[in-house]
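Report on the following structure.
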Amino acid sequence: MFGHLLRDVRRAGRLHLISMVVGGLIGAGLALGLMGPTPDPASAVPVPKLHPSAAAGLVPPVKPDSAKPAAPETARPPAATPANVSRTVAINRGDTLMQVMVRAGTDRGDAHAAITALSDVYDPRRLMPGQEITLTFDGSGDGLRLVDVALNASAESEVVARRDTGGGFAAEAIKKELAQQAQRANGTIDDNLYMAAKRAGVPLPVLSELAQLYGFDVDFQRDIHPGDAFELFFDSFHDADGAAVKYGPIRYARLSIQGTALRLYRFETADGFVDYFNENGESVRKALMKTPINGARLSSRYGMRKHPILGYSRMHRGVDFAAPTGTPVMAAGNGVIDYVGRRGAYGKYIRIRHNSTYRTAYAHLSRYARGMKRGKRVQQGQVIGYVGSTGRSTGPHLHYEVHRGGKQVNPLTLKLPSGKKLKGTELAAFNMARANIEREMAQTPVTRQLARTE
């Protein structure tokens, strides 16, 4: 049995060897067939030789890794920096222009030079919190180099200081083009004038002017009742984006109080005097304003009262208006300041001499308006100080007095002389101007959304 098995193994080995040889020959033949016949050197087409420089242009030479060492990390070129970098920053309370510019990345020397140039067209001390400044830098070098600084000086102009060819800065004021648009607003007073005007979309600057115009005849705390009404006609001015950035003076106002309409028209006389007159040509201005503060509450009247601190009854020779600390206080009339400073229980105090008969006094102020000093001439409605609680006081309020012939009198019952009354040709000119205002107003629709009111 083992003999047969051995013969079978030998036979299988020979067959395996023969198959390997045959397979190899067939594979070689296939390879030669794919490659094609070997060309005869005598009949081969000659291949032109390329000049070494031409060959180099077609196929760049490959150098071994050892011929060009890897560049160190520090040899990489810096990332590309934009040529100009713009930054807009806002003024915070207490900031100076120098602080803001340096904080934004401006070199202190450049900031000083730019501010010096700006001072020729704008006073940097007029900057207000929230005002924005745009700085442009050249970022193509190692650091940021100031190119220009720009800010809105007002709704109508922008000031810019630019770097000149000599390396310094030159400033200019650029006037903005504003579009003028007539606005008309009206409303019914359900709670108070402020809320009614706000619902009608009246901007705050216009509302403040309205309160001043009627401050001679109307006590807004006592005289206004639900159902009273108002109407206003004024101009708004819009920038290139259509936003209202400024409001013109009131041209016409009507305040209807318990059925009585008080109408006022703005009019400029031949000598350039601008004032507000009723339909009869009588000026709205009186010698003194009844209330030299807006939005305040009458908290204590003139007369006998129990003193809140001393605890006994004594004469209160003025009126008190409760208002938040910092509320502006206005001069009740044209005049000259004859006292400014602390005055015992009055605290911080200002007194204005209006003429040989009348003086007004303002007490418990938190601070004085800039420039207030003895001998300074002030105009009616000009801010002279701010509500406070200095002196003998239980809380922030304005104590207001009117002195007539050296004695305090009740400001709320005082009968004051009227202002100018138009006559003759001036009255005729006023009547024509009044008719023009009424015609233009009739052609202007009432607008409920007038731009921003803040």
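Quick note: the coordinates plus some simple rules give every number you see, no bench work behind them. Just so we're clear, the structure is a prediction, and the values are computed from it rather than from any experiment. Backbone-built Cβ (ideal geometry, glycine too); neighbour counts: all protein chains shown.
A few points about this structure:
- Calculated FRET value between residue 221 and residue 102, using beta carbons and R₀ = 51 Å, to 0.05: 0.55
- Going by neighbour counts of Cβ atoms within 10 Å, the residues 354, 112, 397 line up, fewest first, as 112, 354, 397.
- Dipole of the range 297-409 [Lys/Arg +1, Asp/Glu -1 at C-beta], most positive-end residue of 372, 395, 339: 339
- Between residue 415 and residue 83, the distance separating the two model label sites (each 7 Å from Cα on the Cα→Cβ line) works out to 7.8 nm.
- Long-range amide H partners of residue 386 with built H, under 5 Å: 329, 366, 367, 369
- Here the 3J(HN,Hα) profile of the range 171-184, calculated from phi with Karplus coefficients 6.51, -1.76 and 1.60 at θ = phi - 60°, is 10, 8, 9, 10, 7, 8, 8, 10, 8, 8, 9, 6, 10, 10 Hz, Gly and Pro shown as x.
- Remark on residue 262: its backbone amide H falls under 5 Å from those of 255, 256, 257, a criterion applied only to residues 5 or more positions apart or on other chains, H modelled at 1.01 Å from N.
- Eligible aspartates and glutamates near residue 176 by straight Cα distance, threshold 14 Å, same-chain separation 8 or greater: 156, 158, 239, 241
- Extension gain, residue 438-residue 317: 0.36 nm per intervening residue step, less the Cα-Cα distance, totals 39.1 nm.
- Assigned charges on the beta-carbon of Lys, Arg, Asp, Glu; the range 84-175 dipole about Cα centre (debye): 240
- Debye log10 I(q)/I(0) for the range 297-409, one point scatterer per Cα, at q = 0.13, 0.14, 0.19 Å⁻¹: -0.45, -0.52, -0.97
- Taking amide H as placed 1.01 Å from N in the peptide plane, residue 107 has its amide H under 5 Å from the amide H of 146, each at least 5 places away in sequence or on another chain.
- For the range 319-454, the number of Lys pairs with C-alpha atoms closer than 22 Å, counting only pairs eight or more positions apart or on separate chains, is 4.
- Counting every pair of alpha carbons in the range 84-175, the share spaced more than 15 Å apart comes to 56 percent.
- Two-site FRET efficiency, residue 392 against residue 301, from Cβ-Cβ distance with R₀ of 22 Å, rounded to 0.05: 0.75
- Restriction of the GluC sites (Glu not before Pro) in the range 142-235 to DSSP coil positions whose beta-carbon has at most 14 other beta-carbons within 10 angstrom yields 177.
- Residues in the range 346-355 carry Karplus couplings, in order, of 6, x, 6, 9, 10, 10, 10, 8, 8, 7 Hz; the curve used is 6.51 cos²θ - 1.76 cosθ + 1.60 with θ = phi - 60°, and Gly or Pro positions show x.
- Rounded to the nearest Hz, the phi-derived 3J(HN,Hα) couplings of the range 217-224 under the Karplus curve 6.51 cos²θ - 1.76 cosθ + 1.60 (θ = phi - 60°) are 10, 10, 9, 5, 7, 9, 8, 8, where x marks glycine and proline.
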